[in-house]
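Reading through the structure tokens given below for one structure.
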Amino acid sequence: MKFRKLIISVMIVTVGLTLAGCGKKATTKTVEVPAKTAEEKVIVGEIEGKSITLADVYATDLKTKIKELKTKYGEDFATTQDAASKKEFDTAKEQYLNQIIEKKILFKKATELKVTPTDEALTKAVEARITASKANYDSEAAFTADLATYGYTLDTLKVAFREQEIGQAVIIYLTKDIKITDAAIKEYYTANKETFVDSATVATRHILFQTEAEAKVADTKIKNKTVTFQTLFKQYEANKAKVTAAAASASDKLLPISEDLGEIAKTNANYDPDFMVGLNALKTNQISAPVKSSFGYHIIEAKAIKAAVKRTLDTEVTTSIKSSLLNAESEKIYKAKMVEWKKEFNVKLYLDVLNK
């Protein structure tokens, strides 16, 4: 199961590439062209005189954002918008429209600057990213299920990663001459010392029950000392494989599971917030009462707690600061260049039409 909130990080825009046909002789056969949809008739932007339609914007990951907005504001949020939902929706549409344009520009510039990676290099990079993404999941099935949640298949994810690698090649070219000095690193560290702190951590184990009744029974047994947390932990340790199996039955999915989660930072945002509240309330070697989360009911054990530690300007911190400064400088260069390139490609945005 996905106890941690893990998602695939991909380039948001995933418009497919168009490949020119070749080798086939023209035919006089008439092909009926499907009628344009309402969205295909609405032009919301242009690049080099070529139109970008509302349909193009809706074909991006905007569809995933719309699911999120429906959950947040209701199924009919688009037709019964209040100020908050309209602003969030309009911002999302503008974001995806701009990303369509920026991707088109990056692809053109990659060719012009002769920095497009070879097919072999792209394939290798994409496979490495797929492998790294899968490593965040307990099983192939969990990985595939999460892809579907975000509207991807393995093939479309590979396309998205491939496109991102091409865009990244242009960014690397633009930022190759950036130099981050030791003086700049030291200055940044001095100004931000309070942020260089290793968070307090908790060595954590938990038992997860699907019903409150089961959790309460276990809690009572532990408190009455008729059973130990360790005994229950061992009893349910093998269940995780059954619960996460692709062929898991309905009854299998209801089994209690136990997990050793290792050291968790007290400020960790990758875990359910209600779970973290329950965990952070514990002292060393303390066991919680049932804690309700979006995954079920947990009995949590804090095996050991380590206090927060302030970091010196060691190798790891130096590397982190250098990366942060490099990213900030890269973003500044990229934004300035994109403004220049949008003028070069005669980009036009019709935001009043987009947000009508």
Inset, instruction - Can you tell me which residue within segment 56-88, out of those that are free of Cβ contacts under 8 Å to residues at least 40 places away in the same chain, among the hydrophobic types (A, V, I, L, M, F, W, C) and closer than 20 Å to D352 by Cα, is surrounded by the most Cβ atoms within 10 Å (Cβ to Cβ)? - result: L62
Legend entry - Top-ranked residue of segment 89-108 - restricted to ones that are among the basic types (K, R) and farther than 12 Å from N355 by Cα, ranked as surrounded by the fewest Cβ atoms within 10 Å (Cβ to Cβ): K108
Inset, instruction - Sort through A35, A55 and tell me the only one that's modelled with pLDDT of 90 or more, out of contact with any Leu (no Cβ under 8 Å at 6 or more places or on another chain) and farther than 16 Å from T149 by Cα. - result: A55
Legend entry - Breaking point among (1) more than 28 Å from the chain's Cα centre (by Cα); (2) farther than 19 Å from L232 by Cα; (3) not assigned by TED's automatic domain parsing to the domain that holds E48; (4) not basic (K, R), for A302: (2)
Inset, instruction - Answer yes or no as to whether G49 is over 30 Å from E259 (Cβ atoms), modelled with pLDDT of 80 or more and not polar (S, T, N, Q). - result: yes
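When the residues of segment 321-341 are filtered to those that are touching a residue at least 24 places away in the same chain (Cβ under 8 Å) and closer than 30 Å to A203 by Cα, which remaining residue is surrounded by the fewest Cβ atoms within 10 Å (Cβ to Cβ)? Spell out the reasoning first.
Within segment 321-341, the first condition is being touching a residue at least 24 places away in the same chain (Cβ under 8 Å), and the residues that meet it are 321-322, 324-326, 329-330, 333-334, 337-338, 341.
Subset that is closer than 30 Å to A203 by Cα: 321, 324.
Details: I321: 20, S324: 14.
Looking at residues that are touching a residue at least 24 places away in the same chain (Cβ under 8 Å) and closer than 30 Å to A203 by Cα, I get S324.
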Inset, instruction - Kindly indicate whether any position in segment 220-230 is in contact with a Phe, Trp or Tyr (Cβ under 7 Å, 6 or more places away or on another chain) and either at positive phi or not small (G, A, S) (or both). - result: yes
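Among the listed residues A213, A191, A248, identify the single one that is more than 30 Å from E329 (Cβ to Cβ), hydrophobic (A, V, I, L, M, F, W, C) and surrounded by fewer than 15 Cβ atoms within 10 Å (Cβ to Cβ).
Unique residue meeting the criteria: A213.
Which is touching a strand residue (DSSP E or B) at 6+ places or on another chain (Cβ under 8 Å) and β-branched (V, I, T), of I52, I66?
Of the residues listed, the single one that is touching a strand residue (DSSP E or B) at 6+ places or on another chain (Cβ under 8 Å) and β-branched (V, I, T) is I52.
Can you confirm whether segment 318-325 contains a residue that is of a type in the set (A, V, I, L, M), under 23 Å from E94 (Cβ atoms) and touching a Leu at 6+ places or on another chain (Cβ under 9 Å)?
Of the residues in segment 318-325, the ones of a type in the set (A, V, I, L, M) are 321, 325.
Filter again for under 23 Å from E94 (Cβ atoms), leaving none.
No.
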Inset, instruction - Have a look at T284, T315 and point out the one that is over 29 Å from the mean Cα position of the chain (by Cα) and exposed (fewer than 12 other Cβ atoms within 10 Å of the Cβ). - result: T284
Legend entry - Residue list for segment 263-281, filter: in contact with a strand residue (DSSP E or B) (Cβ under 7 Å, 6 or more places away or on another chain) and surrounded by fewer than 16 Cβ atoms within 10 Å (Cβ to Cβ): E263, K266, D274
Inset, instruction - Kindly provide the set of residues from segment 41-57 that are among the acidic types (D, E) and either over 29 Å from the mean Cα position of the chain (by Cα) or assigned to a strand (DSSP E or B) (or both), ordered by number. - result: E46, E48
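The values are calculated or read from the model by the stated rules, or taken from the named source; none is laboratory data. Every value quoted in this text rests on a predicted model; they were computed, and no experiment measured them. Using ideal geometry, Cβ is built from the backbone for each residue, glycine included, and neighbour counts are taken over all protein chains shown.
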